[in-house]
Amino acid sequence: MAEGRSNRAISERLVVSPKTVEAHVRQILLKLGLEESADDHRRVLAVLAHFRSLR
C-alpha cells in the first residue's frame, strides 16, 4: 500500500489471491480506526499512520 499498489498488484507481488489482500487491508484499516467515509482516502491515511509509527 505504501508504494501505491492496487490490491491486484499487491496480490500478484505476494502470490496470494486478491480476496486475501482485500481481507488484510480491511483488517489494517479497522485496527487503525479508519472507517469508510464519503471522501474515502483510508489507504493514504493508513500509510501515513504507518510512517508516523516508524519515527
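The numbers here are math on the coordinates, done by the rules we state, and not lab data. Just so it is clear, the model here is predicted, and its values are computed rather than measured. All Cβ positions, glycine included, derive from the backbone under ideal geometry; neighbour counts span all protein chains shown.
Only residues that are within 12 Å of the chain's Cα centre (by Cα) and of a type outside the set (A, V, I, L, M, F, W, C): list them for the stretch 21-39, please.
Start the filter on the stretch 21-39 by keeping residues that are within 12 Å of the chain's Cα centre (by Cα), which leaves 21-32, 34.
The answer is Glu22, His24, Arg26, Gln27, Lys31.
Would you point out which residue out of Arg52, Arg13, Arg42 is basic (Lys, Arg) and within 11 Å of the chain's Cα centre (by Cα)?
Working: Arg52 fails: within 11 Å of the chain's Cα centre (by Cα); Arg13 fails: within 11 Å of the chain's Cα centre (by Cα).
Within the list Arg52, Arg13, Arg42, the selection yields Arg42.
Is it the case that Arg13 is basic (Lys, Arg) and not in a helix (DSSP H, G or I)? So that I can check it myself, show each step before the final result.
Working: basic (Lys, Arg): yes; not in a helix (DSSP H, G or I): no.
No.
Considering each residue of the stretch 16-36, count those that are hydrophobic (A, V, I, L, M, F, W, C) and either over 14 Å from Val47 (Cα atoms) or outside any helix (DSSP H, G or I) (or both), and give that number. Steps first, answer last, please.
Kept after step one, since they are hydrophobic (A, V, I, L, M, F, W, C), are these residues of the stretch 16-36: 16, 21, 23, 25, 28-30, 32, 34.
Then drop every residue that is not either over 14 Å from Val47 (Cα atoms) or outside any helix (DSSP H, G or I) (or both), which leaves 16, 21, 23, 32, 34.
Residues in the stretch 16-36 being hydrophobic (A, V, I, L, M, F, W, C) and either over 14 Å from Val47 (Cα atoms) or outside any helix (DSSP H, G or I) (or both): 5 in total.
Any chance the stretch 40-55 includes a residue that's touching a helix residue (DSSP H, G or I) at 6+ places or on another chain (Cβ under 8 Å) and part of a loop (DSSP other than H, G, I, E, B)?
No, because not a single residue in the stretch 40-55 is touching a helix residue (DSSP H, G or I) at 6+ places or on another chain (Cβ under 8 Å) and part of a loop (DSSP other than H, G, I, E, B).
Taking the chain as the search range and keeping residues that are free of Cβ contacts under 8 Å to residues at least 12 places away in the same chain and touching a Ser or Thr at 6+ places or on another chain (Cβ under 9 Å), which one is surrounded by the most Cβ atoms within 10 Å (Cβ to Cβ)?
Ser11
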